[in-house]
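Written below as structure tokens is the structure these notes are about.
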Amino acid sequence: MGPVGTAAVRDPGGTALPRGFWAAVRVWLEKPQVANRRLSGAAVQAEGTVSLGEGGEIPPSFAAAGADGAGEGQEGRAAGAAELGRLWREVRSLLRLPPPLTAWGGPGELRAVLRTLLPRGRPAAAPARELAVQDVCNGTVTFLPLEENSEGKHLVKKCNIYQIQLRHIKDEEWSISLVAPFPEDWFSDGIVYPKLAWLGNELLSKLAKWSVEQKPSEFKSTLSLISVAKYSEVYQDLKEKYKEMVKVWPEVTDPEKFVYEDVAIATYLLILWEEERKQKGLTKKQSFVDLGCGNGLLVHILSNEGHSGRGIDVRRRKIWDMYGPETHLEEATIIPGDSHLFPDTDWLIGNHSDELTPWIPVIAARSSYSCCYFVLPCCFFDFHGKYSRRQCKKTQYREYLDFVAQVGSICGFHVEEDCLRIPSTKRVSFIGKSRTYAAAECARIDQQITQFINSRRTCAVATSAKRVGFNHKDHCGGLCKEAGSEPPEDETETAGTVWMPGFQPREKVEQIRNCASLPQDFVDEVVLNVANLLLNAAPQKSCSDERGGNTDTWNQGESLSLREVAEHLNKETLKKLKSEYGGLQTLLKNNHQVFEVLNGRVHIRDWRKEKPPSKTKPEVKRRLSAEAFKTRLCWFFIHHPDGCSLPSEACPYAHGTEELRQSQIIKKKKHIQ
């Protein structure tokens, strides 16, 4: 029986393999969800070297949990190691690798990994356990699916054994193959046990790619500080519990993204806090304050799950009224200073908290010695305003993350970094839950914080003699615990020391500066002027379309750079556009029906070249597209000298007022309000 699949791999320079192969195997072992999207992850209970001799013991130094070791504790790791030893003794005595699998053996050692594959979704398939045996000497890793019999003993599910093999052909040429001894009996549930064809094609191609393209990541592994198994279980429960929020979401933001992102963040925090209670022997659930809470959903979920807390944001959201009295949300402005401390709060949360992001560790450190923090940075802010880059060897995101981590360290926290599993490009979070100093050293740490904040100020502010500090005597009492009453109820009160004079919080009324607030007459005039400029540019660019033997010529004009377009607009128009974010480019992109802006060049959009709606598009977006059909007039039908390039039945816009439909989207929004 030949291999199920083989992938050729080239290693120019001979520097990647075989090391890159084992790194790729490690990804498949610890993070199978990156290849098999029907899995939520893998829990690695134990791993270590194993012997082909009679003993089968695992050296204690290797008996440690892998990717899922976080939060399991010493007892869990010891139990996992003992179980791995027992399983190995059972498997070794029952199994002799059948051909075409390569037999284990040689001068090198074998390494065994015990893992549980965790299915995604509800109702979830049963988790599946596997024993993976790596034979570095022979370049193989063998996967032995396990099933438990009525007596509690684990047997190998022989029909689903498979082995991945690395072979050196010659020079730069290598191959990675996947073989299975009983392909005709292979059982596939499409989730934890994919089809053999998928393993031989999709998985092998990914392993081949990872083997030679492995680059050290600048970020931590996803969910490295908590149990992946526990996360998968709690996330599915919360997702089911709060899925109805998607249907009643009154905000203009994407409900699926924001609901499931906050569900994921809440899941992470609930597990993190549960582990903290176990470690500290606590019974009472932690309290929290979410600074810059936005839509308040995270506060709502955490409160519903038994944690007392509140959210504060500079602007009230429509959805706040839907949560009920048990969810405490406040519309207030936070000015970092003595009057905005939270001495009786266990955790401060900064979830995409914008200008408050670098202040979260500072506020936590100065609130009390026991106050912890969780921050998920998004937009780049320093203490005094927008963050300015200082290094060019890192990405802007990584540089900013390092700055936020540095703030936590300066504030005296053991800063831990983790990567969340959320639908966002900004997924790295920081956690400060323990201190690097004794409680009696609060004054020294406060001075250190003050000096650091001053060092980050702009030159103009830095020359000021005014101290940007913290009234340590009033708030620490020698143990960093505020003596006295709660901060004043009026959160805009700034009496007392303000730590950064000139700090600019977000405006209470959000300024809409994406060209949406510009007068419609002004927008229409700019659109018509730019379109005429492109249509009349020389040489004229035409596009032919054959229909039934006739050749129709439709003028699609010339393309011009944004600078060339701007040069043809008058000064008053440009001045008006400069006050908007993105200016001219934003206005043109907003008018998607008429223009296409690519690589800094402006084109007239030709709707004949637009791709038809994808069947794989999410249901919500497909429904919105259908509801918007013929709800706006076609600009080309009215203004283009050749009319619309599409016939009326194919154009998503109305060819005349008689075709106009009332927008269902607007009606729904009014009904919600």
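Within a Cβ distance under 11 Å of Phe182, other residues only, what is the Lys/Arg minus Asp/Glu net charge? Please list the in-between numbers first.
Details: positive: Lys157, Lys158; negative: Glu184, Asp185.
Here the count lands on 0.
With a ≥ b ≥ c the root eigenvalues of the C-alpha gyration tensor of segment 82-202, is it rounded (a/c under 1.5), prolate (a/b larger than b/c) or oblate? Write down the numbers at each step before the final one.
Values: a/c = 1.91, a/b = 1.25, b/c = 1.53.
Oblate shape, in that a/c is at least 1.5 and b/c is the bigger or equal ratio.
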Applied in sequence order to segment 433-444, the curve 6.51 cos²θ - 1.76 cosθ + 1.60 (Karplus, θ = phi - 60°) yields integer Hz couplings, x standing for Gly and Pro, of 10, 8, 10, 9, 9, 7, 4, 5, 9, 4, 5, 5
Let me know the charge dipole size of segment 240-384 about its Cα centre in debye, to the nearest 20, where only the beta-carbon of Lys, Arg (+1) and Asp, Glu (-1) is charged. 300
Full-extension gain in nm, Arg277 to Ser370, via 0.36 nm per residue minus C-alpha separation: 32.1 nm
Rh (Kirkwood; distinct C-alpha pairs) - segment 222-277, Å: 12.0
What does the highest-first list of 350-361, 302-313, 140-151 look like by mean Cβ count within 10 Å? 350-361, 302-313, 140-151
Modelling each spin label as a point 7 Å along the Cα-to-Cβ direction, I'd like the Glu564/Asp606 distance in nm, to one decimal. 1.7
Along segment 301-316, Karplus-curve 3J(HN,Hα) (6.51, -1.76, 1.60; θ = phi - 60°) to the nearest Hz, with x for Gly and Pro, reads 5, 4, 5, 4, 8, x, 9, 6, x, 8, x, 10, 8, 5, 10, 6
Amide H of Tyr162: which non-local residues (sequence gap of 5 or more, or other chain) have their own amide H closer than 5 Å, using H built in the peptide plane? Phe143
Answer rounded, prolate or oblate for segment 133-237, using the Cα gyration tensor with square roots of eigenvalues a ≥ b ≥ c: rounded when a/c is under 1.5, else prolate when a/b is larger than b/c, else oblate. oblate
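Starting from 0.36 nm per residue, how many nanometres of slack lie between Ala438 and Phe452 once their C-alpha separation is accounted for?
Value of the extension gain: 3.0 nm.
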Would you kindly calculate the mean projected area, averaged across all directions, of the convex hull enclosing the Cα atoms of segment 268-417, in square nanometres? 9.5
If you roll a 1.4 Å probe over segment 113-247 with all protein chains in place, what percent of the accessible area is carbon or sulfur? 50
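As an exercise, use a Förster radius of 51 Å and the Cβ-Cβ distance of Leu528 and Ala103 to find the FRET efficiency, rounded to the nearest 0.05.
E(calc), rounded to 0.05, equals 0.10.
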If amide H atoms are built 1.01 Å from N in the plane of the peptide, which residues on other chains or at least 5 residues away come under 5 Å of the amide H of Cys293? Ile312, Asp313
Using the structure shown, list the pairs from Lys278/Lys433; Lys257/Lys611; Lys31/Lys206; Lys158/Lys195 with a Cα-Cα distance above 19 Å, or answer none. Lys257/Lys611
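Is the C-alpha gyration tensor of segment 199-309 telling us rounded, prolate or oblate? Criteria: a/c under 1.5 is rounded; beyond that, a/b larger than b/c is prolate, otherwise oblate.
oblate
Please give me the summed charge of the neighbours of Ser388: other residues whose Cβ is under 15 Å from its Cβ, Lys and Arg +1, Asp and Glu -1.
Around Ser388, the surrounding residues sum to +2.
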If we restrict to alpha carbons, what Rg and Dmax does segment 337-395 come to, in Å? 13.0, 42
Cut-off under 5 Å, modelled amide H: who pairs with Val9 long-range: Trp174, Ser175, Ile176
Starting from 0.36 nm per residue, how many nanometres of slack lie between Gln396 and Asp642 once their C-alpha separation is accounted for? 83.9 nm
Working from the alpha-carbon coordinates of segment 185-260, get Rg over Rh, Rh being the Kirkwood radius. 1.11
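The values are calculated or read from the model by the stated rules, or taken from the named source; none is laboratory data. Since this is a predicted model, take the numbers as computed values, not measurements. We place every Cβ from the backbone using ideal geometry, glycine too, and count neighbours over all the protein chains shown. When the accessible area is computed, the model is the full protein with side chains, heavy atoms only, and any ligands, DNA or RNA have been set aside. Shrake-Rupley method; radii C 1.70, N 1.55, O 1.52, S 1.80 Å.
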